[in-house]
1. Please give the helix 348-358 orientation as an angle from the longest Cα principal axis of the chain, in degrees from 0 to 90, rounded to the nearest 10.
2. Run the numbers for Glu249 and His150: contour at 0.36 nm per residue of separation, minus the present Cα-Cα distance, in nm.
3. Whole-Hz Karplus ³J(HN,Hα) for region 218-223, in order, using 6.51 cos²θ - 1.76 cosθ + 1.60 and θ = phi - 60°, x for Gly and Pro?
4. Just want to confirm a number: the relative contact order over the chain, from Cα pairs under 8 angstrom separated by 6+ residues, in percent.
5. Given labels modelled 7 Å from the Cα in the Cβ direction, how far is it in nm from Glu307 to Asn321?
6. Given the Cα-Cα distance of Thr332 and Ile71 and 0.36 nm per residue of separation, how much length would full extension add, in nm?
7. Give the accessible surface of region 72-165 per residue, rounded to a whole number of Å², with probe radius 1.4 Å and ligands, DNA and RNA excluded.
8. Rank-order 345-351, 291-297 by packing density, defined as the average count of other C-beta atoms within 10 Å over each peptide's residues, highest first.
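The values are calculated or read from the model by the stated rules, or taken from the named source; none is laboratory data. These numbers were taken from a predicted model, which means no experiment stands behind them. Neighbour counts run over all protein chains shown; Cβ positions are idealised from the backbone, glycine included. Just so you know, the surface numbers come from the protein's heavy atoms only, side chains and all, with ligands and any DNA or RNA stripped out. Shrake-Rupley method; radii C 1.70, N 1.55, O 1.52, S 1.80 Å.
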Amino acid sequence: MSLLPTTLERIARARVDLRMGLPIVIYNGEHAVLAIAAETLTSARLKDLRALAQPVICLTARRAETLKARIYDHDLARILIPQDRDLNWVRSLAEPATDLQTPMKGPLQSQREGDAQLHRLSIILVKSARLVPASICVPIQDAQAFARSHDLTALPLTAAEPLLDETSPQHPIAAARLPIEAAEHGRVHVFRPEDGGEEHYAIEIGRPDRSKPVLTRLHSACFTGDVLGSLKCDCGPQLRAALAQMGQEEAGILLYLNQEGRGIGLANKMRAYSLQDQGFDTVDANHRLGFEDDERDFRIGSNILREMGFNSVRLMTNNPNKITMMEDTGITVTERVALKVGENPFNMNYLATKAAKSGHIL
């Protein structure tokens with residue numbers, strides 16, 4: 001019997017540590033770095049990192065391109081943090097809120113020697129913690145001894161990297177009948193992933209036949225649209241229209257996936273909204289933050305559908321990428337059911353950008 005945490009459990013612990021502002025240790029053989037999220041870095045911890053070695057701030061290529069920083073590692077840049085630069089300067093590289101007021105942050109010196117694998121993993125971990133995708137790294141010696149002496153979470157690259165590329169299995173936790181406005185015969189299923197991430201929900205309308213394609217909607221959580229009735233997007237109207245159609249047909253599955261802001265989290269979504277107020281469109285705002293156009297993992301939806309006994313769907317979507325992801329993960333899409341609702345003067349440009357840059361059929 002062993003009570004030691006598995007690598008997956010260590011990854012979950014690392015995410016929590018990063019959100020709280022604690023550093024973690026990432027190692028590969030004799031090579032190791034101490035990594036901390038730029039967003040939760042403090043002046044005291046920056047001083048402690050400098051006592052070990054010269055730190056670098058690791059940025060995604062998207063963010064580095066915005067800063068005109070040289071990119072030597074394909075998908076990220078490692079920028080040296082000079083001794084005379086303070087915490088505010090570090091955060092100004094990580095977060096784009098003041099880019100227009102102070103566009104000249106350089107000179108920026110990008111590191112090009114050495115392997116960037118450990119730095120890349122640090123960004124992936126920070127991003128998975130729903131933080132701004134930027135980390136501070138310093139090299140250290142004897143990773144596991146260092147981690148033990150400072151009571152830090154340590155992750156081996158070779159064990160952690162494959163797990164971060166996978167979609168965590170979803171396990172049914174609870175289900176209960178819930179009559180809703182769209183249908184009296186509603187039932188909510190709660191699924192919990194093994195990796196400690198957010199739970200996801202399946203709203204089952206009626207008793208769909210498992211042997212036939214089920215009317216399905218993959219709906220990503222949108223607090224602003226679904227709850228507050230935001231006019232900046234079409235999420236709330238899509239949610240209600242999908243449930244209404246399922247109620248009319250007396251059968252359907254709405255998967256409510258906790259992937260707010262196309263997978264970047266609510267805080268980063270608000271940062272993107274702030275950039276949109278400065279004149280950037282929804283895609284450019286994500287890029288300036290260091291994210292891709294869409295960070296969601298629709299494989300989660302496929303896993304839940306299979307767990308519920310469905311293998312084919314009539315998919316309610318305007319997004320061709322959802323169809324591709326469903327089919328690539330073994331769910332047959334027999335029909336695309338259009339869901340064109342919710343356009344208004346406040347979201348016309350947003351919808352136009354989704355059509356022009358993300359391929360949505362609107």
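1. Around 70 degrees separate the two axes.
2. 29.7 nm
3. Karplus-based 3J(HN,Hα) across region 218-223 equals 8, 10, 7, 3, 9, 4 Hz.
4. 17 percent
5. 2.3 nm
6. Length difference between fully extended and current span is 89.9 nm.
7. Normalised by residue count, the accessible surface of region 72-165 is 49 Å².
8. 291-297, 345-351
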